[in-house]
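Taking it in order: structure first as structure tokens, then the write-up.
Every number in this text was worked out from the coordinates using simple rules, so none of it is lab data. Predicted model, so just to flag it, every value in this text is computed and none were measured. When we count neighbours, we look across all protein chains shown, and the Cβ atoms used for this are built from the backbone with ideal geometry, even at glycine.
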Amino acid sequence: MTLSVRFTVRMTEEEKQILEKKANQLNVKASAVARCAIFKYDLPTTEGRVADIDWGLYHQLGEFKYELNAICTDISQLARDENLQPAQLQLDALNKILRRIEQSIGSISKLRTLTTESAGLKPSLGVEDDR
């Protein structure tokens, strides 16, 4: 939509403040809020505020997830190694630890996904520190 016509509206200072407040909350221009209200348009959804994200923590979670996954793999290999043949109690304990680590990995993955979604971003594949 090309906006080529200018139209002036008079309002009180209080009305102007209300309009600007709504526009700020929606992260759009006041004129967009006015057009949407007058013509019953849907408010634009492409513009959004980016959440404040601690990217250092985000990448640390990725590293932590990577390390937990490596530990999980090691434990799984030990538990399945036919040459070691650990006692059943040890095998059960290893499997219990393995399940807890797998749950932690799932939780970290969900947290990282929520982090990127809240910022309105899509993670790029193949980035070294985004494991």
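Between E117 and A37, the distance separating the two model label sites (each 7 Å from Cα on the Cα→Cβ line) works out to 3.3 nm. In terms of distances greater than 22 angstrom between alpha carbons, the cross-link table entries K65/K96; K65/K110; K29/K110 yield K29/K110.
Each of Q25 and M11 was given a label point 7 Å from its Cα along the Cα-to-Cβ line. The distance between the two points is 1.3 nm.
So for each of 114-121, 61-68 I average, over its residues, the number of other beta carbons within 10 Å; can you give me the resulting order with the highest mean first? If you can, show how the numbers build up before the last one.
Numbers: 114-121: 13.5, 61-68: 15.6.
Output ranking for 114-121, 61-68: 61-68, 114-121.
Return the ratio Rg/(2.2 N^0.38 Å) for the stretch 55-118, where Rg is computed over Cα atoms only. Working it through for the stretch 55-118, the quotient is 1.37.
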